[in-house]
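This report refers to the structure that appears directly beneath it.
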Amino acid sequence: MLEVRQLTKRYGGIAVVDRVSFTIQPGEILGYLGPNGAGKSTTVKMLIGLIQPNAGHILFDGRDVQQHLKEFQHRIGYVPEEAHLYPHLSGHEYLQLAGRLRGLHHTRLDPKMDELLRLFGLWDERHSPLASYSKGMRQKILLSAALLHDPELLILDEPFSGLDVNATMVLRSLIQGLAARKKMVLYSSHVLEVVEKVCDTVLILRKGRVVAHDSVARLRIMMAEASLEGIFAQLTQPEDTETIARRILDVVAS
């Protein structure tokens, strides 16, 4: 189980993540939502050990990850929003590097890597430099690298960015399949339609604070909204979206 307790991060005295708490059980998919600047990416960076929290704790199987960070990092997979890859490496070389860093022996790594390249439709381009890959192709490489070592926890930050319709459908089924195999998934995204379809529970942030944490079904009832989009709008938008759109049109036309 992943347990986050009162996690806080401040910059210049301002809390961009403010006392956030949640748990993810094996087999659970948590949708981690919020508008731009709400603190989602900062939370993710603290979870994977890129930045240190000012306060709070992250526990994995009851152990503080800060005290066992390398072990924890070997048990998780991470797909960032931006595909910052080594442009001179080929897709094949990048996956080899990722697998070796995870400690996979070549006898196990090579067949897994080759099959993932085939399944993601990248086999013909496997020896091409990543600089020549489209955004969607780079995203598939990141997904493959995150899955190679069969992680217990998968952290996804806008994983559908750049993917076509077919790849999006595959990834959606993949996330649900991972949960069925008792993996834990934290899924941060703006694509609320997909979140609503795949996530067991959702957590919504506004200005670094948790404003909702429950199942979509219960939130619909509590907030009298038919969709996650309506719930999200109620909790995170200070002004009616149609009013904002009309004001923009008035400015453009003036």
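Would you call residue 90 surrounded by 14 or more Cβ atoms within 10 Å (Cβ to Cβ), of a type in the set (Ser, Thr, Tyr) and either at pLDDT below 95 or on the phi > 0 side of the Ramachandran plot (or both)? So residue 90 does not fit the description; no. Please indicate, with yes or no, whether at least one residue in the stretch 127-142 is outside any helix (DSSP H, G or I) and either assigned by TED's automatic domain parsing to the domain that holds residue 156 or within 24 Å of residue 172 (Cα to Cα) (or both). Looking for residues that are outside any helix (DSSP H, G or I) and either assigned by TED's automatic domain parsing to the domain that holds residue 156 or within 24 Å of residue 172 (Cα to Cα) (or both), one finds at least one in the stretch 127-142, hence yes. Residue count for the stretch 12-36, restricted to those that are small (Gly, Ala, Ser), in a loop (DSSP other than H, G, I, E, B), in contact (Cβ under 8 Å) with a residue 24 or more places away in the chain and surrounded by fewer than 17 Cβ atoms within 10 Å (Cβ to Cβ): 1. For the stretch 144-159, the count of residues that are surrounded by 19 or more Cβ atoms within 10 Å (Cβ to Cβ), assigned to a strand (DSSP E or B), touching a Phe, Trp or Tyr at 6+ places or on another chain (Cβ under 6 Å) and touching a residue at least 12 places away in the same chain (Cβ under 8 Å) is at least one. For residue 135, the test of being touching a residue at least 40 places away in the same chain (Cβ under 8 Å), surrounded by fewer than 14 Cβ atoms within 10 Å (Cβ to Cβ) and closer than 28 Å to residue 71 by Cβ is failed. Once the stretch 192-225 is narrowed to residues that are part of a loop (DSSP other than H, G, I, E, B) and free of Cβ contacts under 8 Å to residues at least 60 places away in the same chain, the residue that is surrounded by the fewest Cβ atoms within 10 Å (Cβ to Cβ) is 224. Could you say whether any residue in the stretch 167-186 is surrounded by fewer than 13 Cβ atoms within 10 Å (Cβ to Cβ) and outside any helix (DSSP H, G or I)? Yes - at least one qualifying residue is present in the stretch 167-186. Condition first: free of Cβ contacts under 8 Å to residues at least 40 places away in the same chain and within 11 Å of residue 141 (Cα to Cα). Now tell me which residues in the stretch 104-120 satisfy that. Within the stretch 104-120, 113, 116, 117 qualify. When you scan the stretch 55-71, do you find a residue that is basic (Lys, Arg), in a helix (DSSP H, G or I) and without any contact (Cβ under 8 Å) to a residue 40 or more places away in the chain, even just one? The answer is yes; a qualifying residue exists. The residues on offer are 206, 138, and the sole one that is more than 28 Å from residue 88 (Cβ to Cβ), modelled with pLDDT under 95 and out of contact with any strand residue (DSSP E or B) (no Cβ under 8 Å at 6 or more places or on another chain) is 206. Does residue 44 fit the bill of being surrounded by 14 or more Cβ atoms within 10 Å (Cβ to Cβ), out of contact with any Phe, Trp or Tyr (no Cβ under 7 Å at 6 or more places or on another chain) and among the β-branched types (Val, Ile, Thr)? In short, yes. Scanning the stretch 181-202 for residues that are more than 18 Å from residue 144 (Cβ to Cβ) and modelled with pLDDT of 95 or more yields 182, 184, 186. On the stretch given as the stretch 47-72, residues that are within 21 Å of residue 148 (Cβ to Cβ), surrounded by fewer than 16 Cβ atoms within 10 Å (Cβ to Cβ) and not basic (Lys, Arg) total 3.
Answer with yes or no whether residue 76 is surrounded by 15 or more Cβ atoms within 10 Å (Cβ to Cβ), touching a residue at least 60 places away in the same chain (Cβ under 8 Å), closer than 19 Å to residue 143 by Cα and under 20 Å from the mean Cα position of the chain (by Cα).
Yes; evaluated as a whole, the condition is true for this residue.
The values are calculated or read from the model by the stated rules, or taken from the named source; none is laboratory data. Predicted model only: the values in this text are computed from it and were never measured. Cβ atoms come from the backbone with ideal geometry, glycine included; neighbour counts cover every protein chain shown.
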